[in-house]
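The values are calculated or read from the model by the stated rules, or taken from the named source; none is laboratory data. Please read all numbers here as calculations on a predicted model, not as lab measurements. Virtual Cβ from ideal backbone geometry, glycine too; neighbours counted across all protein chains shown.
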Amino acid sequence: MIIAMDGPAGVGKSTVGGLVAKKLGYKFINTGEMYRALTWKALESGADLDDHEAVLALAKRASWEFKPIEEGGATLKTFLDGVPVTGQIREERVSVNSSRIAANPGVRKFLSKLQRELGEPGGIVMEGRDITTHVFPDADVKIYLDASPEERATRRHRQLKASGGDADRSAILAAILKRDLNDLKREINPLKQAPDALVIDSTHLTMREVADLILRRVRREAKHAR
Ligand code: DC
């Protein structure tokens, strides 16, 4: 099966996607990491991030691989030119600039193609912003995961504090609202609910509870397909 999942930033798609994939023995991939990897590459190479042709050329020149970091792992990570760009793509400069790369139509077409090639064999949970609407509109299971911006900011704040970070909750909330706006207002493949997606509001749910709801839907689909 192909399990596609979309939703806004900070809603827990990766945590939930990882849980679901592990339970099913599937692969899991966060497609935001592909946009982040290219943002990092463009920043490193000194390219003008708004020069669509130059950024697309960078993407096409690079070698892209998606594989687990550790042998047998379920989560596929992005390797650019042979390098796993796991830490680099979490830099603040990448977070604030990735929406510029995500607004590039040629880049979206290029990465969507890579995502389709990766997902087509099935046995995968893929998450992003346009997976249920554009990359795999015919996925076997489609999920739109949501939570209020306030709850997403609270979770992120808690996470940062737990890892020893110094975080200002109101700044986190402002950043989340800005990212929502970028995702929703993007001209090409904006974030939206697919009409037949299962919408889950996780504001008052744990990640485990969300994963269980998705697994229930997967079992239902599997039964229908038989
Ligand atoms: O999920 P994230 O915040 O790490 O995503 C990074 C950027 O990529 C963000 O600007 C949203 C964008 N994105 C996208 O446009 N389409 C996807 N399928 C996944 C992410």
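Quick notes on this one:
- The set of residues in the range 69-82 being without any contact (Cβ under 8 Å) to a residue 12 or more places away in the chain and surrounded by 13 or more Cβ atoms within 10 Å (Cβ to Cβ) consists of Gly73 alone.
- Count of the range 19-32 residues which are crowded, with 22+ Cβ neighbours inside 10 Å and in a helix (DSSP H, G or I): 2
- Inside the range 204-218, residues that are surrounded by 15 or more Cβ atoms within 10 Å (Cβ to Cβ) and not in a helix (DSSP H, G or I) make up a count of 1.
- Residue, farthest from the ligand (Cβ to nearest atom), within the range 141-173, restricted to residues that are at pLDDT below 95 and of a type in the set (A, V, I, L, M): Ala162
Here's the yes/no breakdown for (1) polar (S, T, N, Q); (2) closer than 14 Å to Gly7 by Cα; (3) in contact (Cβ under 8 Å) with a residue 12 or more places away in the chain:
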position: Asp168; (1), (2), (3): no, no, no
position: Arg179; (1), (2), (3): no, yes, yes
position: Glu187; (1), (2), (3): no, no, yes
position: Asp196; (1), (2), (3): no, no, yes
position: Leu205; (1), (2), (3): no, no, no
position: Arg208; (1), (2), (3): no, no, yes
position: Leu215; (1), (2), (3): no, no, yes
position: Arg220; (1), (2), (3): no, no, no
position: Lys223; (1), (2), (3): no, no, no
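- Taking the conditions (1) under 22 Å from Gly72 (Cβ atoms); (2) within 11 Å of the ligand (Cβ to nearest atom); (3) of a type in the set (Phe, Trp, Tyr) in turn, Phe28 satisfies each one other than (2).
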